[in-house]
Amino acid sequence: MSTIPAAQDSAVRAHIQDRRAAFLDDLVEWLRIPSVSADPEHADDVRRSAAWLADKLKATGFPVAEIWETPGHPAVFAEWPSGDPDAPTVLVYGHHDVQPAARDDGWHTDPFEPVEHDGRLYARGAADDKGQVFFHTLGVSAHLAATGRTAPAVNLKLLIEGEEESGSPHFPDLVHRQAERLACDAVIVSDTGMWSADTPTVCTGMRGLTDCQIDLHGPDQDIHSGSFGGAVPNPATEAARLAAALHDDERRVTVPGFYDGVIELTERERALFAELPFDETAWLHTAHSHAALGEHGYTTLERVWARPTAEVNGISGGYQGPGGKTIVPSTAQLKLSFRLVAGQDADAVQQSVRDWVAQRLPHGIRHDITFWGATRPCLTPLGHPALQSLARAMERAFGQTVRFTREGGSGPAADLQDALDVPVLFLGISIPSDGWHAPNEKVELDLLEKGVETAAHLWGDLAENWHGA
Ligand SMILES: [Zn+2]
């Protein structure tokens with residue numbers, strides 16, 4: 001290291017203490033803009049939020065800060081070249097739109113009038129995601145102050161979208177269109193959380209997703225079950241047979257080829273997961289479920305983070321009214337979703353499902369199967385140098401060991417990984433109690449500061465330890 005880390009760490013902290021009040025005032029100002037992307041009445045607010053951020057990024061020192069239009073709400077792009085020709089390029093992803101919120105949803109205070117109380121800042125977007133985007137501004141300025149640099153040690157880019165809470169409908173398109181300007185060596189997603197306030201963690205991957213609807217057609221109309229039942233195929237029975245056949249007795253998915261390419265958990269990853277203070281009873285409570293059940297041979301965390309799964313999301317067909325109706329129904333429907341893990345190919349999974357369905361249905365049952373697209377999985381191996389840098393930066397900020405998690409859900413991060421063909425890392429300081437999408441969303445101010453500190457340490461560490469991985 002060019003500077004003694006301890007000296008740099010205290011310089012970072014001093015800079016943050018110096019700017020803390022102004023930083024929070026700015027964040028509060030941004031949180032007052034109700035940038036609810038789902039509500040057309042707030043379209044101007046989403047636009048105002050983008051303009052506010054672009055101005056603030058310029059004021060931070062970013063020589064480039066632009067509004068990027070989409071057919072929906074605008075995104076913000078900013079860029080700060082390092083000036084060093086060997087420096088890696090990093091793209092930070094986040095979003096400036098927020099979930100809807102109204103006082104009578106159960107908020108104790110106005111969701112768009114931020115309130116600081118007991119070391120927490122309450123407002124819609126405080127954690128998801130304005131707070132976690134905004135810590136990068138003070139982070140980069142602390143990085144410069146502590147190192148005496150005039151530009152970041154990495155080529156720093158930011159892409160802050162305005163439609164994440166509405167499903168990012170124009171995001172894949174935007175990323176493909178702007179792939180050249182977004183080109184980078186790694187993506188840092190700041191739109192996730194950590195295990196808990198006293199267990200800092202880095203998420204290393206998210207599962208992918210593909211889902212479909214299968215429409216089954218039997219007789220041309222509902223027919224009498226006494227005259228015809230038992231002698232012709234029944235689409236509702238076939239829908240149930242498909243659903244039942246999806247898993248074997250060990251709860252493994254039976255679709256041939258489904259597990260092809262799956263990157264298995266390493267022993268080290270399993271050991272690290274097992275060290276997390278996981279409370280299954282509390283988890284079940286959050287799940288509103290009465291038992292845990294899944295693929296044999298894996299723990300609950302492994303099942304939701306690192307194993308591909310198939311789920312019956314809905315099944316319907318035939319008579320649903322009061323009393324009985326003795327028919328062989330004409331149609332039935334099945335909705336299935338598949339969570340994917342790294343190594344699986346979404347297109348191949350879709351084809352396997354199509355083949356499996358076609359091959360299992362008897363003659364006389366016609367079917368249509370419609371897939372609604374696919375989100376790819378992403379995973380950064382534990383040994384990746386960028387991940388190591390991120391964990392080290394976080395350890396310096398938190399003063400304790402950082403552990404590794406994954407995320408069972410799926411998100412737009414995978415679009416970036418896909419389009420830019422680079423590893424995706426997750427830097428989030430939010431905790432489960434922050435109330436994402438819920439009333440009384442908040443961010444813990446000391447964790448927000450840790451986020452600033454992590455960002456301040458990260459760019460120098462990455463630049464020093466990046467070897468063109
Ligand atoms: Zn978010």
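The values are calculated or read from the model by the stated rules, or taken from the named source; none is laboratory data. Since the structure is predicted, the reported quantities are computational estimates derived from the model, not experimental observations. Backbone-built Cβ (ideal geometry, glycine too); neighbour counts: all protein chains shown. Just the protein is used for accessible areas: all its heavy atoms, side chains included, with ligands, DNA and RNA removed. Shrake-Rupley method; radii C 1.70, N 1.55, O 1.52, S 1.80 Å.
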In square angstrom, what is the accessible area per residue of region 331-420 with a 1.4 angstrom probe? 40
Length gained when the stretch GLU180-ALA438 is fully extended (0.36 nm per residue, less Cα-Cα span): 89.2 nm
Relative contact order for region 381-469: what is it in percent, counting Cα pairs under 8 Å that are at least 6 residues apart? 49
State the Cα centre-to-centre distance between region 203-242 and region 100-148 in whole Å. 47
Throw me the Rg/Rh for region 176-264, computed over C-alpha atoms with Kirkwood Rh, two decimals. 1.22
What's the FRET efficiency of ILE369 with ASP248 using the Cβ-Cβ distance as r and R₀ = 25 Å, to the nearest 0.05? 0.70
How far apart, in nm, are two points set 7 Å out from the Cα along the Cα-to-Cβ line at ARG360 and at ALA291? 2.2
What helix-only [θ] at 222 nm does the chain give? Using -39500 (n - 2.57) per DSSP H run of at least 4, over all residues, to the nearest 500, the answer is -11500 deg cm²/dmol
Expressed as a whole number of Å, what is the distance separating the alpha-carbon centroids of region 432-467 and region 1-44? 10
Residues VAL232 and ALA59, FRET efficiency given R0 of 51 Å [Cβ-Cβ distance, rounded to 0.05]: 0.10
Please report the carbon-and-sulfur percent of the accessible area for region 310-469; probe 1.4 Å, protein heavy atoms only, DNA, RNA and ligands left out. 46
Could you sort 306-313, 215-222, 390-397 so that the peptide with the highest average Cβ count within 10 Å comes first and the rest follow in order? 390-397, 306-313, 215-222
So, with points 7 Å from each Cα along the Cβ direction, the VAL115-GLN333 label distance in nm works out to 4.3
Take the alpha carbon gyration tensor of region 52-104, find the square roots of its eigenvalues, order them as a ≥ b ≥ c, and report rounded if a/c is under 1.5; if not, report prolate when a/b exceeds b/c, else oblate. prolate
Can you tell me how the chain classifies by the Cα gyration tensor, rounded, prolate or oblate, using a/c under 1.5 as the rounded cut? prolate
State the antiparallel share, in %, of DSSP beta bridges confined to the chain, rounding to the nearest 5. 70
I'd like to check one number: the per residue accessible area of region 1-51, probe 1.4 Å, reported in Å² as a whole number. 55
Expressed as a percent, the accessible surface of region 101-221 that is carbon or sulfur, using a 1.4 Å probe and the full set of protein chains, is 44
Diffusion coefficient in µm²/s returned for region 326-382 by Stokes-Einstein, Kirkwood Rh over C-alpha pairs, 4 °C and 1.567 mPa s, is 93
So for the pair ASP220, ALA51, with labels modelled 7 Å out along Cα→Cβ, what separation do we get in nm? 6.2
